[in-house]
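Q: This is the structure, below, for whatever I ask next.
The values are calculated or read from the model by the stated rules, or taken from the named source; none is laboratory data. Computed from a predicted model, the values in this text were never measured in an experiment. Don't worry about glycine lacking a Cβ; one is built from the backbone with ideal geometry, like all the others, and counts go over all protein chains shown.
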Amino acid sequence: MTDPYLGLVILFLLSVFSLLVLLGLASWLGPKNPTPTKQIPFECGSVSVGEAKSLRFNVQFYLVAVLFLLFDVEVLFLYPWSVNVRELGWTGYMDMLVFVVVLALGLIYAWRKGVLDWNKSA
């Protein structure tokens, strides 16, 4: 009898082998013409200024990112619920209603605090 994890091990080894082959081919066949311009980091078409460690970002960027993740996770919970809504019955409906109401209250709170207002002065 074969090991039940044999297929997983073979898949992992093939993935690592493919990765090493592609990296080797890219370094062997790829152009090798480093210039000072090509060696600097590319930041959306503009020249980089200073180091990333010394830059300060507005906390609003982080708040919007956290809100995005929060509502992204909400969608991940809503999809399986919507597929099984009939099997879950009224109990599942009420549980999801409480979940959505709590998230909606959080969104209203963030909205009232001005987290989503990009026109206010920082």
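Q: Is there a residue in segment 38-52 that is in contact (Cβ under 8 Å) with a residue 12 or more places away in the chain, over 30 Å from residue 117 (Cα atoms) and surrounded by 10 or more Cβ atoms within 10 Å (Cβ to Cβ)? Steps first, answer last, please.
A: At the first step, the residues of segment 38-52 found to be in contact (Cβ under 8 Å) with a residue 12 or more places away in the chain are none.
No.
Q: Condition first: surrounded by 10 or more Cβ atoms within 10 Å (Cβ to Cβ), in contact with a Leu (Cβ under 9 Å, 6 or more places away or on another chain) and of a type in the set (Val, Ile, Thr). Can you find one or more residues in segment 16-35 that meet it?
A: Within segment 16-35, not a single residue is surrounded by 10 or more Cβ atoms within 10 Å (Cβ to Cβ), in contact with a Leu (Cβ under 9 Å, 6 or more places away or on another chain) and of a type in the set (Val, Ile, Thr).
Q: Filtering segment 22-81 down to residues that are among the charged types (D, E, K, R) and within 30 Å of residue 103 (Cα to Cα), which residue is modelled with the lowest pLDDT?
A: Among those residues, the one meeting the criterion is 56.
Q: Also, I was wondering about something else. Looking at residue 55 and the list (1) under 30 Å from residue 36 (Cα atoms); (2) surrounded by 12 or more Cβ atoms within 10 Å (Cβ to Cβ); (3) of a type outside the set (Asp, Glu), which single condition is not satisfied?
A: (2)
Q: Scan (1) within 26 Å of the chain's Cα centre (by Cα); (2) surrounded by 10 or more Cβ atoms within 10 Å (Cβ to Cβ) for the single condition residue 85 breaks and write down its number.
A: (1)
Q: At pLDDT below 85 and either in contact with a strand residue (DSSP E or B) (Cβ under 6 Å, 6 or more places away or on another chain) or of a type outside the set (Asp, Glu) (or both), is that true of residue 103? Steps first, please.
A: On the way: at pLDDT below 85: no; either in contact with a strand residue (DSSP E or B) (Cβ under 6 Å, 6 or more places away or on another chain) or of a type outside the set (Asp, Glu) (or both): yes.
The answer is no for residue 103.
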